[in-house]
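Here is the structure we will look at.
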Amino acid sequence: SVKERDDAICPSQFIIWHETTLCCATELHRLSNIAFIMSLSTKTTPQIKAVIFDLDGTLLDTESLSCRSVIDAFELTNAPLKPAIRSQLKQDGDLLPWELKQRILGLRGSEWVPITLGYAQEKWDWVGHENGLDWRDGWQSRRNNKDTQESETRKRIINTFIEAWERRLGSLCEQVVACPGALELVRALSEHGDLPLAVATSSRSEGVRKKRIKHEEMFQFFEHVVTGDDKNVRNGKPAPDIFLEAARRLNVHPSECIVFEDSLQGAIAGKAAGCVTIAVPDKRMEKEAFIDHSDHVIPSMWHFEGKKWGIDVDMS
């Protein structure tokens, strides 16, 4: 027969050990539940230590002037739209069609220019530049990747269009006005005392320089302005790069930052960075589109209620 081990657990000992283990496990489970509930509470009301603003359409109402500049850039790059199309756009207030505008909101020039040129070819029967390149949706998969000359030509066309757009927009900058409640909110947050502020915009630095000329009253409150052509911003919105860089410069963890954004691409970028994201959409945007990509949606800066985020600023 097998000899019993001296250290074997007898049935009564096993029952006591088993009940003690269950008791400990139950207590651990109870404590873990409490910790989980506390973590949810913490996530619901994060401690905000900094605020980051998008620029175009969020702080400054540049969107109508931007549309006009995009339309004019076709002629400025010697590839004008057909007279009938140009006339129709003029009747519409020199605004881009909303189906195009909502696709390019928040993107960098290198990203929105190809989309715009493709739209012009598809919807406006735009002939294009002298080389006749195809910019319609999906052109990336149809091009010859081995043709380095084509790639260089596309880059040149994109950069030339961006430069023409920026020049035209720069000439209109004196007409740029602040978005409703923007200056007032920025000033109120700055008076809070311990909330550093930054701007994170897809616009290039030269464009920002021109746009802010008549708005130094607002820009004096910002510690940093991060632009789309910043060397530390590798990818444009909806990638989180620009908000991560802004948080880094403010020396604040992204989860402790509020981001204000008017575009869906920007809201996605804010959430991807881990920031508390408040959307202030264009009135033509479907608000439902922002529900899954922001923490709160407000009609304008006048509707910001800081107490929801532990900030003693109430604009309403």
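Kindly provide the Kirkwood hydrodynamic radius of segment 43-127 in Å, to one decimal, from all pairs of distinct alpha carbon atoms.
14.6 Å
Roll a 1.4 Å probe over the protein heavy atoms and report the accessible area of residue 174 in Å², nearest 10.
Accessible surface of residue 174 is approximately 140 Å².
Using the Karplus equation 6.51 cos²θ - 1.76 cosθ + 1.60 (θ = phi - 60°), what ³J(HN,Hα) coupling, rounded to whole Hz, does each residue of segment 190-199 give in order, writing x for Gly and Pro?
5, 6, 5, x, 10, 10, x, 10, 9, 10
What whole-number volume per residue, in cubic angstrom, does the convex hull of the C-alpha atoms of segment 167-316 give?
Output value, Cα hull per residue: 114 Å³.
With only alpha-carbon atoms in the gyration tensor, what are the semi-axes of the equivalent ellipsoid for segment 138-254, in Å, largest first?
After scaling each eigenvalue by five and taking roots: 33, 20, 10 Å.
Compare the Cα positions of 258, 290, 304 along the charge dipole of segment 215-316 (+1 at Cβ of Lys, Arg; -1 at Cβ of Asp, Glu; about the Cα centre) and return the one farthest towards the positive end.
290
Just from the alpha-carbon atoms, what are the Rg and Dmax of segment 52-178 in angstroms?
Values for segment 52-178 (Cα only, Rg and Dmax): 14.9, 46 Å.
Got a number for carbon plus sulfur as a percent of segment 109-224's accessible area, 1.4 Å probe?
In segment 109-224, the share of accessible area belonging to carbon and sulfur is 45 percent.
Obtain the nm distance between the two label points defined at residue 312 and residue 177 by a simple spin-label model: each point lies 7 Å from its Cα along the Cα-to-C-beta direction.
Label-label distance for residue 312 and residue 177, simple model: 3.4 nm.
Report, by chain and number, residues whose modeled amide H sits under 5 Å from the one on residue 199, excluding near sequence neighbours (fewer than 5 apart, same chain).
53, 224, 225, 226
Evaluate the relative contact order of segment 146-257 (contact order divided by residue number), counting alpha-carbon pairs under 8 angstrom at least 6 apart; express in whole percent.
Relative contact order for segment 146-257 comes out at 23 percent.
The values are calculated or read from the model by the stated rules, or taken from the named source; none is laboratory data. All of these numbers come straight from a predicted model, not from anything done at the bench. Methodologically, a virtual Cβ is constructed for each residue, glycine included, from the backbone with ideal geometry; neighbour enumeration extends over all protein chains shown. Accessible surface areas use protein heavy atoms only, side chains included; no ligands, DNA or RNA. Shrake-Rupley method; radii C 1.70, N 1.55, O 1.52, S 1.80 Å.
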